[in-house]
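Derivation of every value follows stated rules applied to the coordinates shown; laboratory data play no part. Because the structure is predicted, anything quoted here is derived from the model rather than measured.
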Amino acid sequence: MTETLFYHLERRSLEEILPGLVEKSLQRGWRAAIRTDSSERSDALDTLLWTYDDQSFLPHAQLGDGAPSAQPVLITVEEGNPNSANIVFYVGGAMPGDWTALNDLARVVLLFDGRDEAALAAARAAWKDAKAGGHDVTYWKESPSGKFEKQN
């Protein structure tokens, strides 16, 4: 059963949260894919992952930049799993087309802007679809301190 985490962003932005989550995934020995809603967001995240920390970077590429199978982190707008990712991050409104197609992953993470009513509605619908697809679904919300806490 695929563990699926919904991250409700309220205080910090996607750009502040995503690099740390990707780092933790790589530390686990996982390969990651970041599914975006547009090529413009893919370009912005590509730049972010090279520049977010002066002391390090996250090894990654966008789909089309070299062999996808060689990338520990692949940013793409396309469905599929060309880098054999263990975890897929859905960002910027990107949603899985078929939740059952993700059942072989270790984890799916959907990050959404909790200040955007359309994003909230889409996340609610995705929650139902993920449950119907057989995923083990959890909801995480930022506390006032900025730490994510699992909600019941």
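What the table below lists for this structure:
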{"quantity": "Spatially proximal aspartates and glutamates relative to LYS128 (Cα-Cα < 13 Å; intrachain offsets below 8 disregarded)", "calculated": "ASP98, ASP136"}
{"quantity": "Nonlocal amide H pairs with PHE89, under 5 Å, H built at 1.01 Å", "calculated": "ALA33, ILE34, ARG35, VAL109"}
{"quantity": "Label selected from [x] 0.99; [y] 0.93; [z] 1.04, the criterion being Rg/Rh (Cα atoms, Kirkwood Rh) as computed here", "calculated": "[y]"}
